[in-house]
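Working notes, structure below.
The values are calculated or read from the model by the stated rules, or taken from the named source; none is laboratory data. In this text the structure is predicted, and so the values were computed from the model without any measurement. Cβ placement follows ideal geometry from the backbone for every residue including glycine, while neighbour counts extend to all protein chains displayed.
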């Protein structure tokens, strides 16, 4: 997601940060500018603009404008149709509610996919595959997505552990070792219980994969790898009806991770899954 990458990128130089801030403050104007006009307006240079565009995954300024324009259009359309935090009203019909929830899900998946950095994804998949055990931590709705991930992984004989209780998660963390891999799920990145788990994992030198929303948070400081969910949902449950967008994004990320792992040994994993199903049929 271009806007998200402009907002949160620690690799920017001071000049690039100032340029990014200008773009964020004037996105509609920027898509109408050529590179020299933007350089003049932002007190930067064409070379700086090109370098910034490439840092956030665009081929150049023209490609950047196409991506930014598409994102603005999608965002404008979604904002017009539905508020992701309060997606329906008492007077809405069932048809209207169903349409709005579909829009939320589609936008959440699209935005999350656009935020993927596939080089980092490759490192995450490698980390999971070499681990003797994958431990998943989180709270509330996120753990339901985690259990689906566990079930999929078990079909290809990958070991995944999940504890529901806060105390049990803490014990699981302090009994982990560097051969394990931990997946932490927190939309806000500020869950006190998950932070406590992260501290224990860090002391045990367990690699941490964090699935979280855009922005910096306490949990980001403990993570070995971060996967961003492209959702506009607010972090506090007090500010929204429920977790439609964020949970759709978490499901999508975990499904992608499972699929990336599966395809690494596609035929072997397919045969293993089929053997497991055949064995279950004999019981």
Within the bounds of segment 190-197, is there any residue that is in the same structural domain as residue 136 (by TED's automatic domain parsing), within 27 Å of residue 130 (Cβ to Cβ), assigned to a helix (DSSP H, G or I) and touching a residue at least 60 places away in the same chain (Cβ under 8 Å)?
yes
Wholly enclosed helices (runs of 4 or more DSSP H) of segment 1-82 bearing at least 1 residues over 30 Å from residue 97 (Cα atoms) and at pLDDT 90 or above
14-25, 27-30, 35-42, 46-55, 61-81
Selection count, segment 112-130, where residues are crowded, with 16+ Cβ neighbours inside 10 Å and touching a strand residue (DSSP E or B) at 6+ places or on another chain (Cβ under 8 Å)
7
Go through segment 174-192 and give me each residue that's surrounded by fewer than 24 Cβ atoms within 10 Å (Cβ to Cβ), modelled with pLDDT of 95 or more and touching a helix residue (DSSP H, G or I) at 6+ places or on another chain (Cβ under 8 Å).
174, 176
Subset of segment 131-140, residues buried (at least 16 other Cβ atoms within 10 Å of the Cβ) and either at pLDDT below 95 or under 17 Å from the mean Cα position of the chain (by Cα) (or both), comes to 136, 137, 138, 139
Residues satisfying the stated conditions in segment 148-170, i.e. surrounded by fewer than 13 Cβ atoms within 10 Å (Cβ to Cβ) and assigned to a helix (DSSP H, G or I):
151, 167, 168
Quick one: in segment 203-225, which of the residues that are in a helix (DSSP H, G or I) and out of contact with any strand residue (DSSP E or B) (no Cβ under 7 Å at 6 or more places or on another chain) is nearest to residue 181 (Cα to Cα)?
203
Within segment 130-147, identify whether any single residue is over 15 Å from residue 254 (Cα atoms) and part of a helix (DSSP H, G or I), and answer yes or no.
yes
Those residues of segment 171-189 which are within 15 Å of residue 209 (Cα to Cα) and part of a helix (DSSP H, G or I), in sequence order
173
Of the residues in segment 199-217, how many are modelled with pLDDT of 95 or more and touching a helix residue (DSSP H, G or I) at 6+ places or on another chain (Cβ under 6 Å)?
7
